[in-house]
Structures are given as structure tokens and as C-alpha cells.
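Step one of this worksheet: look at the structure below.
The values are calculated or read from the model by the stated rules, or taken from the named source; none is laboratory data. This is a predicted model, so every value here is computed, not measured. FYI the Cβ positions are ideal-geometry reconstructions off the backbone, even for glycines, and counts take in every protein chain you see. To get the accessible areas, we keep the full protein, side chains included, count just its heavy atoms, and leave off ligands, DNA and RNA. Shrake-Rupley method; radii C 1.70, N 1.55, O 1.52, S 1.80 Å.
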Amino acid sequence: MTATADRKVRSNREAGARAGGPVDSIDAAGLGRARAAGLVAPALVLVLAFLVVPAAWTVYLGVTDYRLTGIQAANPEFVGLDNFTAALADPDFRNSLWLTLLFVLGSAIVGQTVAGFALAWTLRTVPKLVRSVVETLVLLAWILPSSIVAFLWVAYLSGDGGTLNAMLQTSGTEWLLEHPMASIIVFNTWRGTAFSMLLFSAALGAVPPSQLESARLAGAGAFAQLRDVVLPHIRGHVLTNTLLISLWTFNDFSPYLLTAGGPNHASETLPVFIYNKALYGGQLGYGSAISFIMLLINLVIALFYVRLLRERR
Amino acid sequence: MASIRIDGLTKVYPGDVTAIDGLDVTVEDGSFFALLGPSGCGKTTLLRTIAGLEEASGGSISIGDRDVTRLAPGDRNVAMVFQDYALFPHMTVTDNIAYPLRIKKVGRSERAAKAAETGEGLGLSALMARRPGELSGGQQQRVALARAMACQPDVFLLDEPLSNLDARLRLEARTFLKRLQKDLGVTTVFVTHDQSEALAMADQIAVMEAGRIRQLGTPSEIFRRPANTFVANFIGSTPMNMLPGKLVGGVLQVGALEGVDAVAAGWAGREAPDGEVTVAFRPEYARVDGKGPLVFEGTVETTESLGASVLVTARTDDGQRVQVVVPEGEEPEVGAVVGVAPASGRVLVYDAEGELLSPSSSVP
């Protein structure tokens, strides 16, 4: 990124020099270096204080045996890459990684994308009132605080008088215990669909109606219209949406409010795993190491999508 | 190839907005047919209803022998060229042209051959591998036409075919479209709000207002003998002169002029009812030399150059404005008193409802 930016700056300067203009021709606002630096300084300080320093601190903790209590809390020792090798050998960690993958695939990439697109596509043609009501309901799921929706879902899925059991007449089924992963996947799909719906609504609004009509006149059915007209137009939006929701879902902590990672680690996604290890188990060093691994995975996902996005353009 | 027959077609949008109001019209096989009217007159809705993009609320549409009123757009065997051409931006010119064939499950090689053949006919051979974004407006239009032609439809529908081209290209495209339509011989309906396009290209023009056809005729009929004051006002590059008058016992009175027997003679035989009328004539069909049965004395207010001719605006003593187009160099001075004289046979008289009174042939 930085290298590209540098190149751009350089080529701009060269262009300015060639044109006989001043070397600082990129400074369109005429601020000058000092004032420009002064303007961005507060932001940089904030980024440094709240992002870079804690991140560096996490990296540092990751190579120590720092604990919440005991001798290592007072005198943490440098242990090298021990935490990382321990994590890779830890079956709980690998289980957690697998569950996170399932969670992201099931609730974000499949669940939210498909549900969001289906809603956006259907709502184009329904009466305005229906559209507003549905949109509001879907949005509510998104904007309500996690603690509230978690409580709603615990009540909804409860084995003892839960709404779902009442509807399915399966009284006594403890959904959160018997199907913990399915529960949190459905929960997160429900919770996050609004974003995909909004993004796809906007994207679909930008598909020229005349192109859809041209396809219809050629005899194209709904599937062919989606394939030949709609998808090529919204490909970039699909990628952006997938990137954002997979990162959010990957880092999402709200499943903890439903299952706390249980029963017996059965729904312990990585953020929950870290929380359990670091704050319940007190292994802050180990937790930090895993946080760092998560950060790397985030980066890989992001780079993958950004690359895909560039290629498609 | 087929004619289009439309019977009692009605299109009502939700909220009781009537876009087409019990319309009957037949488009002859192979003709180039223009739907002309101001915006909101229902011409585009009519075109889209023929295409099947809008569902008819009542009445029927037949193409050839088939009643297509309830058929899906893809089953009507019509092709439409949209105002924005609606080319698929991610497909090459070849793929765009071949798209209808692909939907009809024609094989790849046959599709490519057909696209190449159609493209060649429209001078697109060198552009077949490009994408629409790399083409000029005129080229895009030809690709859209090629796509419409490739599946050999019974009917072509063109929505404002020239409006996205710049002025110079528009004239070229006009000639090109007219020749293409004659070469292909496919029944073609096009929508335009620009009367000069309709007059130049069409074999038949339907002038529409508020969901109805106000006049159907050849360009020269529409231009020379507008059937009502709406069409008279709408057609013509300079506005038609419209003067209030009276018909008393078959004798016409216009303003200060009374008893204009020679002009009125045309209606005497038709027993035109007495009453208020509107006397109309085109500025192109009048002179300023004061010779003729009907002469309006007036003072020249302004003269405007139209290039090869000059538009002279005069005001009569009783305050009526009269305009005349005279050849360049023959215009009177501003302030001069002239006698504006419409050519005999070119004066139109409309009754109080705005309908044409003059019989088409018996005017002297």
C-alpha cells in the first residue's frame, strides 16, 4: 500500500516538474508541510494511543507467560514462541478455529449474503408499505444492543417454554445445548442480514432497468437475468459486502452471550476462546498470542478480497 | 414481418392514472410508424405495452395473426432498442449482438457467425471484440440495432432512437435508420417527442395527447392539414398562426375582416354551423405582399433570421400576432405596414372544439 502511494506521489511530482510547475504541485490546498502535519497530528496521536500501542503490547504479551494472577502477573517472563507453538498443538484452539470457519461460512458468507440479497431483490417490487415494514424489522435486528437481542434469543430458544418450541411443538428441546453451532449461525444470520440487504438494495437500484428489460425481451428468465445482467453489475458490491461481513463475523463476540462457548467448547469461536482463556483461565500471554494469530487471519482475509476486487476491475 | 393491430387498448397505472385511453390503431406490415407527442402523452407506455414490458389493462394487441396481449415479452418476437441502448457493459460487441440467440439456445459457433454477419451489415466488423464502454454513441446505437436484428423479430420498437446522439450525428442516424428500415422491411414503431424526426423518418405518424391518438396520417397530411388545434400547435418548427374568427351563414369573419367569401366558399357547401372558429395558417404558407382573398394588415414588430429564410412577426390593428416566413433578403423593415396573405388552399378553419372544418379537397 505504502509503496504504491509513494510511487504515486513521486510520479505526480515528476509530472509537475515536467510541466514546469512547482515541485509541490500535489499540495492543491496550499497548506504547506508543517500545517498539514499539524492537522493530521491529533488523529495520528489517537491511532497511536488506542491502536498501535495496544497492538504492540498484545504482541509483546504474546511472547511472555503473563497471567492474570500469581507470580507471572508480577514478573512475566519472556518465553519466545512457546505460546504460538502451544496454540497450534492445542486441540481446543484448532476446534475453535474450525468452529469460527463454520460460523463465518454459515452465517456470513451464506446466511447474510443470501438472505440479504433475497430480501433486497424481493423488496424492489412489493408495495411501499410492505417494504418499509420489512426493512424496519430487519434493521431493528441489526441496531438493537447485543445484550437485548441475546436475551430475546435465549428466551426464544429456551427449552422450558421457549417460543420456538411452542411453534414447533417440540417442548423441552434445549436448542442452545443440543444444537449450539446451528443456533448461533441462525442467530447471527438474523442479526446481520440488514447490512447486506441495505448494500444490495443500493446496488440493485443502480442496475439500469433497460438492461433488465432488454434481457426480458430476448426471452431471459429470472435466473438468466440475474446471471447476465444483475450479477455482473453488482460483483464489486458482492465482494465488498462479503469482505466486511466475514471480518465482522470472524471477530464477533455476541455468540458468547448465547452459549458462552459451550456446551463443552461446542460453540467456542475464536473471540470466545480468547476470552475464556485469557480472562477465565487467566492466561493473558497465551490469549495475546492467539489474538495476534487472529489479527494475521484478518489480514489474510482482507488481502484476499482486496486482491479479488482489483482483479475484477 | 407482420402488421400490428391494437384494439381498445387501455393502460391504467395504480392510482387511477390513465396512460392509454381506449386506443385503436393498425400499423401496416413493413411500415415505419412514429408515435409523436409531448412528454406524458402515453407514447412510451404504448410502445412498452406493445413490447410486453407493461401489461395492458384492457383491449388487445395482435402482431400478425397472433394475439400477444397476454404473452411475456420474450414470446412476442419483438425487439426493442432502448433510449440508452441498454447494452451489457461486461460483454463484447459480439456477445451483446448474440445475446438473444444465446437465450434461445443457439449453438456457440452459429451465434458467432450470425453476430459477425449482422455486425458486418452495420459496419461494426472492426469493433466486434470491444466492449460498449469503448464505443462512441453512434456505434453503440448500431450495436443495439444489430442485437435487435440478430434474432429476426417480427417488429422493431425504437424508444427515442436519436435522443442520445449529438446534433450532427442525429441527422446522419436519421438517414441511416430510414434506409435500414426500408432495406429490412420490418414493421417498425418508434417513439419521439421531436416532430422533425417523425416527419423525416416515418411513413405514418400518430400524434398522441393524453393517452389518445389525435391524428393519424402521413407526414405531409399531418403537416399540411392538422386535424385539430392540438396537432396544429404541436407540429411545425415555427408556430402556426391561430386567429379567432366567426362563421356566419357560411361566411367567415376574422377580426376586422368581414365577409371573406372567397375563402369561406369552401365551407359553404358543408353547411358548417355558425359560431366561433379558429382560423389557422402556417407562417411558411403566407406572403407579405398583400395579394389574396384573405389579407391581414399589420405592422412589422420583429424579424428573426432562420438561416435561408426570415421569420417576420407583425401585429394587426386589433392586436393579433401574425407570423410569416419570407425568403432571406425579402424581409420588410421593422415598423413597415404589410399585408400578410396566406396562400389560398392553405387556410385551415377549426370549430369551437378545435376540430378541423375545412374539407380536404374543396378548398380553392
Any residue in the stretch B:307-330 that is of a type in the set (Gly, Ala, Ser) sitting within a Cβ distance under 7 Å of a residue that is surrounded by fewer than 19 Cβ atoms within 10 Å (Cβ to Cβ)? List the pairs, counting only those 6 or more apart or interchain.
B:ALA308/B:GLU328; B:SER309/B:PRO327; B:SER309/B:GLU328; B:ALA314/B:THR299; B:ALA314/B:GLU301
Conditions first: (1) surrounded by 22 or more Cβ atoms within 10 Å (Cβ to Cβ); (2) more than 14 Å from chain A (Cβ to nearest Cβ). B:PRO100 passes all but one, so which condition is the exception?
(2)
Selection from the stretch B:46-75 of residues that are open to solvent by less than 40 Å² (accessible area, probe 1.4 Å), free of Cβ contacts under 8 Å to residues at least 60 places away in the same chain and either of a type in the set (Val, Ile, Thr) or within 14 Å of chain A (Cβ to nearest Cβ) (or both)
B:THR49, B:GLY52, B:LEU53, B:GLU54, B:ILE61, B:VAL68, B:THR69, B:PRO73, B:GLY74
Looking for something over 30 Å from A:PHE292 (Cα atoms), hydrophobic (A, V, I, L, M, F, W, C), modelled with pLDDT of 85 or more and open to solvent by less than 60 Å² (accessible area, probe 1.4 Å) - is there at least one such residue anywhere in the stretch A:1-12?
no
How many residues does the stretch A:66-97 contain that are over 18 Å from A:TYR275 (Cβ atoms), open to solvent by 60 Å² or more (accessible area, probe 1.4 Å) and not in a helix (DSSP H, G or I)?
4
Those helices (runs of 4 or more DSSP H) lying entirely in the stretch A:206-303 with at least 1 residues modelled with pLDDT under 90, touching a Gly at 6+ places or on another chain (Cβ under 8 Å) and within 14 Å of chain B (Cβ to nearest Cβ)
A:209-217
Across the stretch B:10-34, what is the total count of residues that are touching a Gly at 6+ places or on another chain (Cβ under 9 Å) and closer than 17 Å to B:GLN204 by Cβ?
4
Quick one: how many residues across the stretch B:103-133 are within 11 Å of chain A (Cβ to nearest Cβ) and touching a residue at least 40 places away in the same chain (Cβ under 8 Å)?
2
Residue check, B:ARG147 assigned to a helix (DSSP H, G or I), farther than 25 Å from B:LYS182 by Cα and within 13 Å of another protein chain (Cβ to nearest Cβ)
no
Counting only residues in the stretch B:27-45 that are touching an Asp or Glu at 6+ places or on another chain (Cβ under 9 Å) and of a type in the set (S, T, N, Q), the one surrounded by the most Cβ atoms within 10 Å (Cβ to Cβ) is identified as B:THR45
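Results for (1) crowded, with 18+ Cβ neighbours inside 10 Å; (2) touching a residue at least 24 places away in the same chain (Cβ under 8 Å), shown as yes or no for each residue.
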site	(1), (2)
A:PRO255	yes, yes
A:ASN264	no, no
A:GLY282	no, yes
A:SER288	yes, yes
A:LEU308	no, yes
May I ask you to say which residue of A:ALA203, A:ALA218, A:ALA224 is open to solvent by less than 30 Å² (accessible area, probe 1.4 Å) and touching a residue at least 12 places away in the same chain (Cβ under 8 Å)?
A:ALA203
Can you list residue pairs whose Cβ atoms sit under 7 Å apart, with the first residue in the stretch B:10-27 being under 14 Å from B:THR44 (Cβ atoms) and the second being basic (Lys, Arg) and not in a loop (DSSP other than H, G, I, E, B)? Count only pairs 6 or more apart in sequence or on different chains.
B:ALA19/B:LYS11; B:ILE20/B:LYS11; B:LEU23/B:ARG212
Looking at B:MET1 and the list (1) surrounded by fewer than 22 Cβ atoms within 10 Å (Cβ to Cβ); (2) at pLDDT 85 or above, which single condition is not satisfied?
(2)
Taking the condition of being open to solvent by 40 Å² or more (accessible area, probe 1.4 Å), in contact (Cβ under 8 Å) with a residue 60 or more places away in the chain and out of contact with any Leu (no Cβ under 9 Å at 6 or more places or on another chain), how many residues in the stretch A:111-122 meet it?
1
